Amino acid sequence: MSAPVRPVIDRSLWSLPDDVIYLNHGSFGPTPKSVFAAKEAWSQRLASQPMDFFLRQMEPALDAALAELGKLIGADARDMVFVDNATVAMNAVAESFPLAPGDEVLLNDHEYGAVRRIWQRVCDRQQARLSCASIPVPIASVDDVLEPLFAAVTPKTKLIVVSHVTSPTAIVFPVEQICARARELGIPVCIDGPHAIAMREVSLARIKPTFYCASLHKWLSAPLGTGFLYVDRRWQGKLTPPVLSWGKSLAGRPARWQDEWNWLGTRDPAGFLAVPAAIEFLKSIGWQTFRDYGHQLAQQARQRIEALCGTQSLVPDDEQWYGTMITVQLPPGPSLRSSPNSWDPWTQTLWEQHRIEIPVVDWHGRRHIRVSCHLYTTPAEIDTLLTALTALIQS
Ligand SMILES: Cc1ncc(COP(=O)(O)O)c(C=O)c1O
């Protein structure tokens, strides 16, 4: 198996310490230096003349940044707002979504733990039911996702919440087909999409979700604490932000639904304003270069770890099903931690003994490893991971 040809990317474009093998871009992406500098420049502008910044500069600058993001993800900027992260976006949808006693919200067993908690809380409060479709692996076709998901729909299902790229299993779900089927049934869909942004070519115009929640500090490498919420026009007036403030434009512009979201009290919007710098960073390298390289490296890591562990692939070996991140089932090892949200002892060992940052997660009571491959990741680092895993498995 030949190593993927690495584009000429200097690791010094990031501030990553030399001795760290960082294979967890999927959780928290290190910020490129140029993006961090762009954020600092905006902070500087704010700090030097806050009145001018908030009253005259901020709103047009936020519009311009959202317009750039909209171009990237095939969405109209008028349908989006910046939020701190996917968690805030999902909370906002959950807290605003109308649920009556007996209604159902449908998730599935690949969803992110915090998202389950968010919906469990509102369902409990409203005496609604959180139902969970089981989507078994290995998945071989789109129907293997659609059939179990829609088999769990009942006349009481009021909303489907589904990941674009799943967290524990790193699978790209067929969200366009899910939204199309849900539309036929008249059920809104809320997509949890933080991994998809930049990793995939996303077009919200094609997917047509009702809500799309995402973080931009993962694969897009925007500053930490940046994300967005997309809302279908029919729902925009029904959503309230998590924090209530003036709800109007500081610059005195005509009212828009985003006014409730842009001013959540005094804060520094520099991270949002640096999103175009993150888009420019990856664009200058080439979207396809980034996606192809990360995918090829992930593909190789997947084949090698599966061969080492003797475990089966979760999805077919096709870009349709995974991008720059893969999950592989590991053989049983030291006992799993009791909480599914806490880090596994293997994560700690890989860090302490090998300086490898990588999540080992419990999914359905089995240990899985998730490998993220960004442009700074090298084939040699995957070799080191394989050596470390071999030692762990044999110990
Ligand atoms: C699928 C999924 N949804 C939501 C989140 C939450 O993202 P954030 O912590 O940026 O809000 C994550 C984080 O890893 C995730 O993987």
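The values are calculated or read from the model by the stated rules, or taken from the named source; none is laboratory data. Remember, predicted model here, so these are calculated numbers, not experimental data. Positions of Cβ are backbone-derived with ideal geometry, glycine not excepted, and every protein chain shown enters the neighbour counts.
Structure above, values below:
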quantity: Check on residue 61, within 13 Å of the ligand (Cβ to nearest atom), surrounded by fewer than 19 Cβ atoms within 10 Å (Cβ to Cβ) and farther than 20 Å from residue 234 by Cβ; calculated: no
quantity: Selection within region 75-102 - within 25 Å of residue 174 (Cα to Cα) and out of contact with any Gly (no Cβ under 9 Å at 6 or more places or on another chain); calculated: 75, 81, 90, 91, 92, 93, 94, 97
quantity: Number of positions in region 323-348 that are at pLDDT below 90 and not in a loop (DSSP other than H, G, I, E, B); calculated: 1
quantity: One residue from 189, 153 being more than 10 Å from the ligand (Cβ to nearest atom), touching a Pro at 6+ places or on another chain (Cβ under 7 Å) and within 19 Å of residue 116 (Cα to Cα); calculated: 189
quantity: Tally, over region 127-172, of residues that are among the hydroxyl-bearing types (Ser, Thr, Tyr), surrounded by fewer than 18 Cβ atoms within 10 Å (Cβ to Cβ) and closer than 30 Å to residue 23 by Cβ; calculated: 2
quantity: Scan of region 250-265 for residues that are part of a loop (DSSP other than H, G, I, E, B), over 14 Å from residue 84 (Cα atoms) and more than 24 Å from the chain's Cα centre (by Cα), ordered by number; calculated: 250, 251, 252, 253, 254, 255, 256, 257
quantity: Failed item, numbered, when residue 270 is tested on (1) in the same structural domain as residue 196 (by TED's automatic domain parsing); (2) touching a strand residue (DSSP E or B) at 6+ places or on another chain (Cβ under 8 Å); (3) modelled with pLDDT of 95 or more; calculated: (2)
quantity: Odd one out for residue 124 among (1) more than 15 Å from residue 320 (Cα to Cα); (2) crowded, with 16+ Cβ neighbours inside 10 Å; (3) of a type in the set (D, E, K, R); calculated: (2)
quantity: Members of region 359-395 found to be within 25 Å of residue 217 (Cα to Cα) and of a type outside the set (A, V, I, L, M, F, W, C), listed by number; calculated: 359, 362, 368, 370, 372, 374, 376, 377, 378, 379, 381
quantity: Residue match in region 37-44 (condition: surrounded by fewer than 14 Cβ atoms within 10 Å (Cβ to Cβ), at negative phi and within 20 Å of the chain's Cα centre (by Cα)); calculated: no
quantity: Tally, over region 237-255, of residues that are touching a residue at least 40 places away in the same chain (Cβ under 8 Å) and either outside the structural domain of residue 69 (by TED's automatic domain parsing) or loosely packed, with under 14 Cβ neighbours inside 10 Å (or both); calculated: 4
quantity: Region 173-191 - residue that is farther than 30 Å from residue 28 by Cα and of a type in the set (D, E, K, R) and, of those, surrounded by the most Cβ atoms within 10 Å (Cβ to Cβ); calculated: 181
quantity: Filter result for residue 209 (within 21 Å of the chain's Cα centre (by Cα) and modelled with pLDDT of 95 or more); calculated: yes
quantity: Number of the condition not met by residue 382 [criteria: (1) in a loop (DSSP other than H, G, I, E, B); (2) within 24 Å of the chain's Cα centre (by Cα)]; calculated: (1)
quantity: Sole exception among (1) within 16 Å of residue 366 (Cβ to Cβ); (2) in contact with a Leu (Cβ under 7 Å, 6 or more places away or on another chain); (3) assigned to a helix (DSSP H, G or I) for residue 293, by number; calculated: (1)
quantity: Among (1) in contact (Cβ under 8 Å) with a residue 40 or more places away in the chain; (2) farther than 19 Å from residue 373 by Cβ; (3) surrounded by fewer than 23 Cβ atoms within 10 Å (Cβ to Cβ) - the single one residue 273 does not satisfy; calculated: (3)
quantity: Region 103-124 residues that are within 16 Å of the ligand (Cβ to nearest atom), paired with ones that are among the aromatic types (Phe, Trp, Tyr) (beta carbon under 7 Å, 6 or more apart); calculated: 105/119; 107/119
quantity: Hits in region 205-235 - residues which are surrounded by fewer than 21 Cβ atoms within 10 Å (Cβ to Cβ) and either more than 11 Å from the ligand (Cβ to nearest atom) or hydrophobic (A, V, I, L, M, F, W, C) (or both); calculated: 205, 206, 208, 224, 232, 233, 234, 235
quantity: Residue pairs meeting the criteria (Cβ under 6 Å; at least 6 apart or on separate chains; first hydroxyl-bearing (Ser, Thr, Tyr), in region 326-339; second in a loop (DSSP other than H, G, I, E, B) and modelled with pLDDT of 80 or more); calculated: 327/169; 327/170
